[in-house]
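Data block below; observations after.
The values are calculated or read from the model by the stated rules, or taken from the named source; none is laboratory data. Please read these numbers as outputs of a predicted model, since none were measured by experiment. Glycine also receives a Cβ, built like all others from the backbone with ideal geometry; neighbour counts cover every protein chain displayed.
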Amino acid sequence: MNIALTHLQRLEAESIHIFREVAATFAKPVMLYSVGKDSSVLMHLAVKAFYPAKPPFPFLHVDTTWKFREMITFRDQMAQKLGFDLLVHVNEDGVRDNINPFDHGSNTHTHVMKTVALRQALDKYGFDAAFGGARRDEEKSRAKERIFSFRNAQHAWDPKNQRPEMWKIFNTRIASGESIRVFPLSNWTELDIWQYILQEDIPIVPLYFAKQRPVVERDGMLILKDDDRMELRPGETVENRLVRFRTLGCYPLTGAIESDADTLEAIVGEMLTARTSERQGRLIDRDEAGSMEKKKREGYF
Amino acid sequence: MRHIMAESLARTDGIRDYMAAQEKKSLLRFLTCGSVDDGKSTLIGRLLSDTKQIFEDQLAALERDSRKHGTTGDDIDFALLVDGLEAEREQGITIDVAYRFFATPTRKFIVADTPGHEQYTRNMATGASTADLAIVLIDARQGVLRQTRRHSIIASLLGIRHIVLAVNKFDLVGFDKATFEQIIEDYRQFSRALGFQTIVPIPMSARYGDNVTSRSANTQWYSGPTLIEHLETVSVDEAAIELPFRFPVQYVNRPNLDFRGFAGTIASGSVAPGDEIVVAKSGKSSHVRRIVAHGGDLQQAVAGQAITLVLDDEVEVSRGNMLVSPAARPQVADQFAANIVWFDEHALLPGRSYILRTETDQTSATVTELKYRVNVNDFAHEAAKSLEMNEVGICNISTRSPIAFDNFADNRTTGAFILIDRITNATVGAGMILHSLRRAENIHWQSLDVGKHGRADMKNQRPAVFWFTGLSGSGKSTIANLFEKKLFATGRHTYILDGDNVRHGLNRDLGFTDADRVENIRRVAEVARLMADAGLIVIVSFISPFSAERRMARELMADGEFVEVFVDTPFEECARRDPKGLYARALNGEIKNFTGVDSPYEAPENPEIHLKTLGKSAEEMVEALELWLNERDIAEDQYDSGGGI
């Protein structure tokens, strides 16, 4: 008998194992749902891990109020279709102070509306474990992170002092107030994600597919004018171009790419010939060297 | 690779074909290890670059970073691709393991780039625990170093059987064949006992790419494979599927009364509906009814798959147990010998209680005997009383409840465990089980007809262990003696275990090192437990400075039986009283390891009774103790009668 598992079967099994480990050992887990393709895969895996039961934890979306409108529509559709418990958290202090990416820059906006908002939500509900969709191939500080990543009571990551992580034996013990961030997709690559979406026919936000969209060229990026809050600078014009997104975040901070890939197959084909990394479209990573690590130390996912 | 692919992918069928081909690729997980500055990160950077895994924006960032932090002059410093933490880039060293992913037309790879510094050995072990092959780098100018040996030993202990000996920086020794052969000879000599199946030496220069992905013109005398050729073709199949069925139960899935599924990942072997299985710990047997999966039941499942099993019978199974093949069962024991790699800056101490975790099981464990420490230079077995950070040793381990396991040599998944500190929750060690200890299988608890409650009832009391902790001279013995007199006068049956007295008899063989202090407390706690079992009210009067040992004592006793009494007298007051003249001598340096002077006292955080002695008499302290005891007995009487009706 020789039945070798395929590469995707192995990745899937590893992720399912991680989901179950958390459900078995933590009192109050939550899944961070960011609506992007990785979250879609994560959600699909969570459903598989606990079938025929539903995932025994809620899904939390930290809404910066600057997400693409199509993301919010998709989020609500998915919650209804799968019948999962969706929590949405907005940092009301930030809304009151009108924190936004245009006036305050990506750094402040991301810190207040994402990092601080996330910490607020985790504290509010008292979650002791939070799943995230981060992958090690995304960015070099993520390549360093454990699958079960310890956070102190202030939600901070100490990259120089991570717990050893041996085999599949995870140390899930924490003291009161501390928590663990859990990354079931740690060992997946961007290509694996797309192949899995194709294989399993997983729904994703339509923004990933190429379409004529109204975009503005700004700071070398193509920004989708998703609503009237985006004001044009002198010399800027809105143009309809055939674009799609490789990664999704806050619309003013996420660059579109010119592409005619309007099917999953075409997206995978495009990816295989890509010359730039997916996070290239993310403004927040470019602010300064080591910026992802810094954000993570402060509690960002 | 990316560019070649573009044309063939122009059509949609191209994509489907390509993906089908991707699916058939095998995966190799390997790590790079070796001493500091042998070029581990540079090699991975070179592999990623030569296999076209680096995107243009990443390359641009790398060029920027190389100018800022680089150590290679005007050239690109590939190490900066993997040294992703700020501290690493600033210091030019690798602190933690980085995982990188790449693929060639025939195989996929996950590579763990691990740190060379001895201080970060635990991170190297983390990377090695999931790898099947290790690339051991050696600086051609330095040869085999201490860290080369340490990493090779750890790789071997963690079950890695395939080694690539990457003799790096070969350009700096003029590509000299004799140097290469000498290093191979040295390594083979040293590693003979490590049980590696393959050792493939390759002369290379990671910085310039010689023999990494392309054959070097500088080493005409070398006829072996390039690194990538070897990685693409080496066979590391462990054939876990051929081993007996092992299914550690991870999670019981019970959405409603009609469904009870056991979820977990198959550690070895395979399973199909109808198969007979046995519950490892109880020996009860049943048959597999279904293998439940989203999208339809499975007809078979194999090692590595995460599945949910439904059984024919309502057998008692919970997380931590194992479903196994009836023909070849694992061992179930509470005592075994194991290799331990120690990670924590606080040394492993025999007698101290840790949490032991296997993939799904968890229990308390103590090291009953540290048999020896392994010297990483010459494999000498050295006697040791403790295991310091990054040391490797062989220990006997005793667990509070039996666990199901295989020997690590037979099964890498079911033969491994980690140790966790009870207070900090840090992962302090990793263990690989060698074999069970025979006595564990033969000694069974005697089931006695006369029980603890009967013995206590006859004395008309409830057993308790009053554990007095506090500095030397804090007044423990004075208060304990008076307390016993009072109890005796009211007809209670008591016994005092006093630090000094026990040290003259039972513990006369122990000194005052940390290890001996732990053992001292362990023995006293065990004696106190037996006495409580006999129905006595035990008063233990011991400095007992470490909270870990007090907690261990607490966990030995039944719920509510352990009463921690903190005799809280400030250090200055104890030193002033100095009834035995010990403080004067300790402060003069005549006594070593004296608690409060040059050995720490960890004050209890939540003692049942906190006695602040300053300005109070011993009588007042004893009144507080009596009050507490009476209140407890009244409360328990009420509880008992309430529960009995």
Exercise for review: Go through the residues of region B:253-269 one by one and say whether even a single one is part of a strand (DSSP E or B), crowded, with 18+ Cβ neighbours inside 10 Å, in contact (Cβ under 8 Å) with a residue 12 or more places away in the chain and among the hydrophobic types (A, V, I, L, M, F, W, C).
Suggested key: yes
Study note, to complete from the structure: Of B:Arg141, B:Arg100, the only residue that is of a type in the set (Lys, Arg), modelled with pLDDT of 85 or more and not in a loop (DSSP other than H, G, I, E, B) is B:Arg100
**Study point:** Residue among B:Gly296, B:Gly264, B:Gly304 that alone is out of contact with any Ser or Thr (no Cβ under 8 Å at 6 or more places or on another chain) and either among the aliphatic types (A, V, I, L, M) or over 30 Å from B:Glu369 (Cα atoms) (or both)
**Key:** B:Gly296
Point to revise | The listed residue being surrounded by fewer than 21 Cβ atoms within 10 Å (Cβ to Cβ), at pLDDT below 95, out of contact with any helix residue (DSSP H, G or I) (no Cβ under 9 Å at 6 or more places or on another chain) and within 14 Å of chain B (Cβ to nearest Cβ), out of A:Gly83, A:Gly105 | key: A:Gly83
Check your understanding: Given (1) of a type in the set (A, V, I, L, M, F, W, C); (2) surrounded by fewer than 21 Cβ atoms within 10 Å (Cβ to Cβ); (3) farther than 22 Å from B:Thr424 by Cβ, where does B:Ile539 come up short, assuming only one miss?
Key -> (2)
Review point. Can you find even one residue in region B:3-19 that is more than 11 Å from chain A (Cβ to nearest Cβ) and either within 36 Å of the chain's Cα centre (by Cα) or modelled with pLDDT under 75 (or both)?
Key: no
Review point. Taking region B:584-611 as the search range and keeping residues that are among the aliphatic types (A, V, I, L, M) and touching a residue at least 24 places away in the same chain (Cβ under 8 Å), which one is surrounded by the fewest Cβ atoms within 10 Å (Cβ to Cβ)?
Key: B:Ala603
Check your understanding: For region B:314-330, which residues satisfy the criterion of being buried (at least 20 other Cβ atoms within 10 Å of the Cβ) and either not in a loop (DSSP other than H, G, I, E, B) or not hydroxyl-bearing (Ser, Thr, Tyr) (or both)?
Key -> B:Val317, B:Gly320, B:Asn321, B:Met322, B:Leu323, B:Val324, B:Pro330
Exercise for review: Output the number of residues of region B:240-258 satisfying the condition of being under 25 Å from the mean Cα position of the chain (by Cα) and of a type in the set (S, T, N, Q).
Suggested key: 1
Check your understanding: Name the pairs whose Cβ atoms lie under 9 Å apart, with the first residue in region A:180-203 and away from chain B (no Cβ under 11 Å) and assigned to a helix (DSSP H, G or I), the second surrounded by fewer than 20 Cβ atoms within 10 Å (Cβ to Cβ) and of a type outside the set (A, V, I, L, M), and 6 or more positions between them or separate chains?
Key -> A:Ile197/A:Pro203
Check your understanding: Is it the case that B:Ala338 is within 12 Å of chain A (Cβ to nearest Cβ) and either on the phi > 0 side of the Ramachandran plot or of a type in the set (A, V, I, L, M) (or both)?
Key -> no
**Study point:** Any chance B:Phe379 is within 12 Å of the chain's Cα centre (by Cα) and either surrounded by fewer than 17 Cβ atoms within 10 Å (Cβ to Cβ) or in contact (Cβ under 8 Å) with a residue 12 or more places away in the chain (or both)
**Key:** no
Review point. Does region B:126-134 contain any residue that is over 18 Å from the mean Cα position of the chain (by Cα) and farther than 21 Å from B:Leu28 by Cβ?
Key: no
Exercise for review: Name every residue in region B:373-386 that is more than 18 Å from B:Phe408 (Cβ to Cβ) and either assigned to a strand (DSSP E or B) or charged (D, E, K, R) (or both), in order of residue number.
Suggested key: B:Arg373, B:Asp378, B:His381, B:Glu382, B:Lys385
Exercise for review: Please work out which residue is surrounded by the most Cβ atoms within 10 Å (Cβ to Cβ), limiting yourself to region B:164-193 and to residues that are in contact (Cβ under 8 Å) with a residue 60 or more places away in the chain and either over 32 Å from the mean Cα position of the chain (by Cα) or on the phi > 0 side of the Ramachandran plot (or both).
Suggested key: B:Asn168
**Study point:** Pick from region B:278-309, criterion more than 24 Å from A:Thr6 (Cβ to Cβ) and within 32 Å of the chain's Cα centre (by Cα), ranking: surrounded by the most Cβ atoms within 10 Å (Cβ to Cβ)
**Key:** B:Ala280
Revision key, fill the gap. The correct count of residues that are modelled with pLDDT of 90 or more and outside any loop (DSSP other than H, G, I, E, B) in region B:535-549 is 5
Point to revise | Total residues in region A:16-45, condition more than 16 Å from the chain's Cα centre (by Cα) and either part of a helix (DSSP H, G or I) or of a type in the set (Ser, Thr, Tyr) (or both) | key: 10
**Study point:** Residues that are facing chain B (nearest Cβ under 9 Å), aliphatic (A, V, I, L, M) and out of contact with any Phe, Trp or Tyr (no Cβ under 7 Å at 6 or more places or on another chain), drawn from region A:19-65
**Key:** A:Val47, A:Ala53
Point to revise | Test set (1) in contact (Cβ under 8 Å) with a residue 60 or more places away in the chain; (2) within 10 Å of chain B (Cβ to nearest Cβ); (3) among the aromatic types (Phe, Trp, Tyr) - A:Trp167 fails condition number | key: (1)
